[in-house]
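K.L.:
Have a look at this one before I ask anything.
The values are calculated or read from the model by the stated rules, or taken from the named source; none is laboratory data. These numbers were taken from a predicted model, which means no experiment stands behind them. Here Cβ is always computed from backbone atoms with ideal geometry, including for glycine, and neighbour counts include all displayed protein chains.
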Amino acid sequence: MEELKAKTFDSSKVCTPTHTAMNTLTMKNYVAAVIGLCLVAPVPRAWTADELTGTLKKIKDAGFISVGHRESSIPFSYYDDKNEVVGYSQELVMMVVDAVKKKLNLPNLAVKLIPVTSQNRIPLIQNGTIDIESGSTTNNVERQQQVSFSDTMFIIGTRLLVKKDSGIKDFPDLKGKNVVVTAGTTSERLIREMNEKNSMGMNIISAKDHGESFLTLQSGRAAAFMLDDALLAGERAKARKPDDWVIVGTPQSKEAYGMMMRKGDDQFKKLADETIAKAETSGEAAKLYQKWFQSPIPPKGLNLDLVLSNDMKELFKNPNDKAFQ
Amino acid sequence: MVTFVAGLDWNIFFQPAFDGSGTYLRFLLVGFQWTLLLSITAWILAFVVGSIVGVLRTFPGKLLPGIGAVYVEVFRNVPLLVQLFLWYFVLPEIIPGLGTWFKQGLNPLLQQFVAGVLCLGFFTGARVAEQVRSGINSLGRGQRGAGLALGLNLVQVYQLILLPVAYRIIIPPLTSEFLNIIKNSAVASTIGLVELSRQSQQLGEFTAHWYESFIAVTLLYGLINVTVMIVSRFVERVTHLPGYVGGRQ
């Protein structure tokens, strides 16, 4: 590498038209090497056990870790009444942060909490603004081409939130009705497919975020709101009269929520995976589940009352990072 | 950075869209159409409202200019996004019969379009009104007085003397307002209208190819705006009065 650089610094020689075939070759090599370097640069040169690479090195050099969180994904990641970030995913990611502190031997490592949306979370991971995102992000194959996912934190099913007296019991009852989904969610894709395939004549409204979707449902614009069941329970908890709303319908899909990290950063992913797996097998995650899904939670002290599904029980026994789609 | 740029995959636009409507290119073009339709309809409303309010502000007396001033201050000073939420979420709730009909009788897409047109039209109308007012005021009092002295009534003075010149003078700032309305039309994405910026967000969301999506959508907005600028130059040239202010010789 050094030799190569030294040669190419003398660019006048290399670039004159009179130079020999040997020089042309050097030029070619140089170009190839530069391209090669650029492609290889983000990948660590040596794989020794202790050498820090990728995100962990970045964290150590910068002296802080940036954690992306959501603002209103109840009860995964959201602001409570004291404007602090809380939730099931938030507690899990703080465990990962603790593991990072331990690994880097930096007990006072600063933690930057950065709110993200479903639109900007992937670009912010990619451009390095945040090091890890933990909220309610589904691990799927498309996203895996852009980012990598940790072991699964949660498994949800996509269902419907409707008014108790609406008479809607399941998806076939939605024929000819207005249905709201949050833009960009898997539910949006599923309901549009269902509408097309079964010619159900639904009008599908895609709202900007879950709060707006629920507002659309509450204001009577839509008869049903399709989303991940856990998030629906969270939205219901925010309603003026939570008892007026029920979650119904056969789950249309399962989704695995994971933490998001930059792609190809095996060292950091391994640390996150180990932390999550340990929490899940040790019973810590089950305790967190109880705390966030079966007990009163801020801001209103409402109990989401969501039964631990068989998929979740299976996950806690065998932690993995498999995507369902 | 290099790997990231090299990683762009433009074939994404030829893959089938998540909603089964065709390719993602078609998907973006649907958004492109809604953006055009929304911007142009809202612009027509803004132009009509702005002209009326702008003229009111230059009328003699206190009442009519006062009403115009209140309109301009209210619509210009309330943030666009807030106005949109007022039109879409709040207004139907406070008008009992009509509101329920609007919410439940109309196709959701039409609701979003109507709310978007009203919001952008009345907001931009306030800005157009200021351009019209300044255009009229730039003409000097003599013209109005001369018109009245000739026996024309006030409407005729505006119609035949003041406005034809005032509009010509304000073509450049009106072009800016039109360009603004196109860019501002992206706020309609927040209530779910499937316009260009919404489609690009959706594309990013479902394919995770955010950068390709943002680049394509930037080019499409650019295309609209450049077209508007060219058309506006053309209009300016065709309507140009020889030797008059604002026009090239």
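K.L.:
Which condition number does residue A:279 fail, the rest of (1) within 30 Å of residue A:245 (Cβ to Cβ); (2) in contact with a Leu (Cβ under 7 Å, 6 or more places away or on another chain) being met?
P.N.:
In the conditions (1) within 30 Å of residue A:245 (Cβ to Cβ); (2) in contact with a Leu (Cβ under 7 Å, 6 or more places away or on another chain), residue A:279 misses (1) alone.
K.L.:
Something else about it: Scan segment A:145-163 and tell me whether some residue there is buried (at least 22 other Cβ atoms within 10 Å of the Cβ), more than 10 Å from chain B (Cβ to nearest Cβ) and basic (Lys, Arg).
P.N.:
Yes, segment A:145-163 contains a residue that is buried (at least 22 other Cβ atoms within 10 Å of the Cβ), more than 10 Å from chain B (Cβ to nearest Cβ) and basic (Lys, Arg).
K.L.:
Considering B:203, B:162, B:223, B:174, which residue is under 14 Å from the mean Cα position of the chain (by Cα) and either in a helix (DSSP H, G or I) or not β-branched (Val, Ile, Thr) (or both)?
P.N.:
Within the list B:203, B:162, B:223, B:174, the selection yields B:174.
K.L.:
If you don't mind, another one. Got a number for residues in segment B:172-198 being surrounded by 24 or more Cβ atoms within 10 Å (Cβ to Cβ), within 10 Å of chain A (Cβ to nearest Cβ) and in contact with a Leu (Cβ under 8 Å, 6 or more places away or on another chain)?
P.N.:
2
K.L.:
Just checking, does segment A:211-227 include any residue being modelled with pLDDT under 90 and within 24 Å of residue A:186 (Cβ to Cβ)?
P.N.:
yes
K.L.:
What's the number of the condition residue A:71 fails, among (1) away from chain B (no Cβ under 14 Å); (2) within 17 Å of the chain's Cα centre (by Cα); (3) surrounded by 18 or more Cβ atoms within 10 Å (Cβ to Cβ)?
P.N.:
(3)
K.L.:
Another question, then. Within the group A:185, A:216, which residue is of a type in the set (S, T, N, Q), without any contact (Cβ under 8 Å) to a residue 60 or more places away in the chain and crowded, with 22+ Cβ neighbours inside 10 Å?
P.N.:
None of the other options fit; the residue is A:216.
K.L.:
Determine, yes or no, whether residue B:7 is crowded, with 19+ Cβ neighbours inside 10 Å, of a type outside the set (D, E, K, R) and either at pLDDT below 90 or within 27 Å of residue A:147 (Cβ to Cβ) (or both).
P.N.:
It is false that residue B:7 is crowded, with 19+ Cβ neighbours inside 10 Å, of a type outside the set (D, E, K, R) and either at pLDDT below 90 or within 27 Å of residue A:147 (Cβ to Cβ) (or both).
K.L.:
Please work out which residue is farthest from residue B:200 (Cα to Cα), limiting yourself to segment A:188-219 and to residues that are more than 9 Å from chain B (Cβ to nearest Cβ) and of a type in the set (A, V, I, L, M, F, W, C).
P.N.:
Taking the candidates together, the pick is A:200.
K.L.:
Could we say that residue B:65 is closer than 19 Å to residue B:193 by Cβ, free of Cβ contacts under 8 Å to residues at least 24 places away in the same chain, assigned to a helix (DSSP H, G or I) and not basic (Lys, Arg) here?
P.N.:
Judged against the criteria, residue B:65 is not a match.
K.L.:
Restricting the search to segment A:54-81, which residues are of a type outside the set (D, E, K, R), without any contact (Cβ under 8 Å) to a residue 24 or more places away in the chain and assigned to a helix (DSSP H, G or I)?
P.N.:
Correct list: A:62 only.
K.L.:
Does segment A:249-265 contain at least one residue that is touching a residue at least 12 places away in the same chain (Cβ under 8 Å), more than 26 Å from residue A:117 (Cα to Cα) and not assigned by TED's automatic domain parsing to the domain that holds residue A:92?
P.N.:
yes
K.L.:
Moving to a separate point now. What is the residue count in segment A:203-244 for residues that are more than 25 Å from the chain's Cα centre (by Cα), on the phi < 0 side of the Ramachandran plot and part of a loop (DSSP other than H, G, I, E, B)?
P.N.:
Summing the residues that are more than 25 Å from the chain's Cα centre (by Cα), on the phi < 0 side of the Ramachandran plot and part of a loop (DSSP other than H, G, I, E, B) in segment A:203-244 gives 7.
K.L.:
Taking the criterion of being within 14 Å of chain A (Cβ to nearest Cβ), exposed (fewer than 14 other Cβ atoms within 10 Å of the Cβ) and under 30 Å from residue A:219 (Cα atoms), would at least one residue in segment B:110-133 satisfy it?
P.N.:
Yes, that holds for at least one residue.
K.L.:
Test residue A:139 against the criterion of being under 20 Å from residue B:18 (Cβ atoms) and either buried (at least 17 other Cβ atoms within 10 Å of the Cβ) or at the interface with chain B (Cβ under 8 Å from one of its Cβ atoms) (or both), and give yes or no.
P.N.:
So residue A:139 passes the test.
K.L.:
Can you report the number of residues in segment A:85-97 which are under 13 Å from residue A:268 (Cα atoms) and more than 15 Å from the chain's Cα centre (by Cα)?
P.N.:
Final tally of qualifying residues: 1.
K.L.:
Which residues, counting only those in segment A:288-303, are aliphatic (A, V, I, L, M) and within 9 Å of residue A:88 (Cα to Cα)?
P.N.:
Matches in segment A:288-303: A:288 only.
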